[in-house]
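Below is one structure, written out as structure tokens; comments come after it.
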Ligand SMILES: [Zn+2]
């Protein structure tokens, strides 16, 4: 974890980004909590879009989703996301109205966990608890780094309303930090969902956009591009 922070600090220096180690924190949540909160967010993965595009539609279909095969499969996977204090502010009231007690308790416990950790953080990464060593390794290296890059970019106002570009930019930064920019194409091929492929497709777009640009000027070039979509 400290290593990720060090990497992010070096990267920020290289790219002329603002960096403050106090921006970064994380919370462990259950896989059920992760999947239900992603379902109730604006996540555009088709597996969730099936149950509604608007959050209100997804709330109406919440029990269908909870009892579905999709849900049972999704909660086998480890993952993470970023929760912002701003969007979390009304969350407890939002879930308090849910009729299904089981779902409500899962989500109220999620609120307790966030409340305990968020403190002065504006945004916090959440990671799914696991006893499996390989998953833990992936969470504390790969996934946490991805989520913290989201936080770093948002704190630097480098994001758009278009999730595809946000994920693409995070993926580009992540793979450039790992010196794996030449492997984006093969990672794209490996993804078995269109949603997953989008991350790499757009990372390739950013890689090519700044290919011959000096490090300190890369972010300006990216900012100009993002302006077209904000
Ligand atoms: Zn992401």
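The values are calculated or read from the model by the stated rules, or taken from the named source; none is laboratory data. All figures in this text were calculated on a predicted structure; none of them were measured in a lab. Every residue, glycine as well, gets a Cβ built from its backbone with ideal geometry; the counts of neighbours run over all protein chains shown.
Per the conditions (1) over 18 Å from residue 42 (Cα atoms); (2) in contact with a helix residue (DSSP H, G or I) (Cβ under 6 Å, 6 or more places away or on another chain); (3) modelled with pLDDT of 95 or more, the sole criterion not satisfied by residue 167 is (1). Determine if the range 49-58 includes at least one residue that is more than 15 Å from the ligand (Cβ to nearest atom), surrounded by fewer than 19 Cβ atoms within 10 Å (Cβ to Cβ) and either on the phi > 0 side of the Ramachandran plot or under 13 Å from the mean Cα position of the chain (by Cα) (or both). Yes: the range 49-58 contains one or more residues that are more than 15 Å from the ligand (Cβ to nearest atom), surrounded by fewer than 19 Cβ atoms within 10 Å (Cβ to Cβ) and either on the phi > 0 side of the Ramachandran plot or under 13 Å from the mean Cα position of the chain (by Cα) (or both).
Within the range 139-164, the set of residues being more than 20 Å from residue 43 (Cβ to Cβ), part of a helix (DSSP H, G or I) and away from the ligand (no atom under 13 Å from the Cβ) comprises 140, 141, 155. I'm checking my understanding of the structure. Among residues of the range 72-87 that are within 19 Å of the chain's Cα centre (by Cα) and in a helix (DSSP H, G or I), which one is nearest to residue 45 (Cα to Cα)? Per the criteria, the residue is 74. A single member of 61, 10, 20, 67 is out of contact with any strand residue (DSSP E or B) (no Cβ under 6 Å at 6 or more places or on another chain) and touching a residue at least 40 places away in the same chain (Cβ under 8 Å), and it is 20. Just one of the listed residues (144, 181) is under 15 Å from the mean Cα position of the chain (by Cα) and closer than 28 Å to residue 21 by Cβ, and it is 144.
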